[in-house]
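What follows is a short report on a single structure.
FYI, it's all coordinate maths here, none of it is from the lab. For clarity, every value in this text was computed on a predicted model and none was experimentally measured. Note that we place each Cβ from the backbone using ideal geometry, even for glycine, and neighbour counts take in every protein chain shown.
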Amino acid sequence: MSYPNYPYHQGSSGQSQNYMPPEHATIGLSYPMYGSAAPQGYPSTNNPHPYPPNPSNPAPYPTSGTHSQPPYPTSAQYPSTPAQCPASSYPTNPSPYPSNPSPYPSNPSSYPSNPSPYPSNSSPYPTNQFSHQSNPAAYPPSNPGYPSQNQYAPSGHSASQYCPATVPYPSNHSSQPPNRPYPTQSTGAAYQPHGQLMKSGTPTVRPAVPFDPRADAEVLRKAMKGIGTDEKAIIRVLTNRTNAQRQEIAVHFKSLYGKDLLADLKSETSGKFEDILKALMTPLPEFLAKELHYAMEGIGTNEETIIEIVCTASNAEIYAIKQAYEKKYGKPLESDLRGETSGSFRRLLTSLCQGNRNENMMIDNQAAFHDAQSLLRAGELQLGTDESTFNAILCSRSYPQLHQIFAEYHRLTGHDIDKAIKNEFSGDIENGLLAIVKSVRDKYGFFAERLHDCMAGAGTRDRALIRIVVFRSEIDLYDIKNAFQSRYNKTLEAAIESETSGDYKRCLLSLVSP
């Protein structure tokens, strides 16, 4: 073992040997190349001589010369009691190493009780968050299975700038996006909301307070009794109650009058106004299940509806929709989706249907760095595309983690991941992956874009318009309105006014305007 910071001395063989500081001889050093048993001539508890063995002189000690004796006192020369040791002569702890060699504080309260940002039973990342080698199955190896660093590099670029597989995660890494809203594992900073991501949005329909379902049932009965229908009264009651409150009104309506409220509404209204009232009176999981079933029934499949619902749903929403779908149609939602789709798009929907996305708020920067590299190797740095890597990362990582992965990808390549997805995929799988990316970045903007598409061009796609307004009215429709105005320089109310009419328009506007 070499100690470069200490002077050399001349051994009996005449060759220079590195000098080992005498204090190292008293602590029983373990030498990596020999394990815990140091060879003869190396200092240890039983053999305190400080010089390494000389190949030309097998004797463990020099037979002559200045250093034929150890240059430090033996144990017998130290005072046997503390009183014999002047305070200024010897240190209290003669060892240069701390008595507690652990680099971590002895007080565990200085560390978070759960340092891992991912649940222990469902984490997609290795147990050791800061070493992707601790769980080889969690991250693909840099070799083999991936092209070499100079293989398949984009024209005019060095692959090392895209995928520095041999470069460790930089300690002074500073690739955080501006105003990054999420805490990192290294800082543990409190979560600061940004946009709609992982934040409770602002609804336009809130629970009515005070709420009297019996009185509301009487108002609705009066509005539909006799000749003619008071549509304004119906709109005033149903658009200012939450879905749960509407279900209570329906129960009291049946108790008071022995009639089904939804059936009465359908008999008294028609057209798009009837459609939106039916949507309002249907429990939300069942409503979305019906929309998915409608998108798959008959000839052809409406993939846009499937992408909008499945690719943006939370785990809880996925579970509720699956349960409602199977209860209403007698078969699992996943089996119907698999029967109506194929290829990579089928695998994407199957993964999302498991409802197993990590929903932790913390960010692991190093895991994001390695995931960004994996996406780069799976797409731009190889011939063809490894769809399974995109599928695994985009379907299982949390929204804050994906947000950081996309930032790391941009740092590595100089462009957004959207460009890579558009270059590597096409058709429904491209649209599905882009929907996830847009939802991660700005879910309000994603639905604002969907609303704009519903009303753009000739005609109006009323079913999608009703679905988004009714579903998001209790979640974040107010924020979607703001995103719509920011993107298209006009209010959502103005767009609805120009594209709809009559009681249907009044009902939509009542839901949109808080």
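Observations, loosely collected:
- Given Lys225/Lys254; Lys225/Lys266; Lys290/Lys422; Lys266/Lys327; Lys290/Lys443; Lys259/Lys328, the pairs whose alpha carbons are separated by over 20 Å: Lys290/Lys422; Lys266/Lys327; Lys290/Lys443; Lys259/Lys328
- Listed by chain and number, the aspartates and glutamates whose alpha-carbon sits under 15 Å from that of Lys222, ignoring those within fewer than 8 places in the same chain, are Asp230, Glu231, Asp260, Asp264, Glu268.
- Listed by chain and number, the aspartates and glutamates placed with their C-alpha closer than 12 angstrom to that of Lys232 are Asp503; residues fewer than eight positions away on the same chain are left out.
- Euclidean distance of C-alpha centroids, the range 353-369 and the range 243-300, integer Å: 36
- Here's the picture: a label point sits 7 Å out from the Cα of Ser501 along the beta-carbon direction, and within the range 427-463 the residues with their amide nitrogen under 15 Å of it are 459-460.
- Cleavage-rule hits (trypsin sites (Lys or Arg not before Pro)) in the range 203-244: DSSP loop, at most 15 neighbouring Cβ within 10 angstrom: Lys225
- In a fully extended conformation the segment linking Tyr257 and Ala494 would gain 81.4 nm over its present Cα-Cα distance, using 0.36 nm per residue.
- Shape call, the range 448-514: gyration tensor on alpha carbons, a/c limit 1.5: rounded
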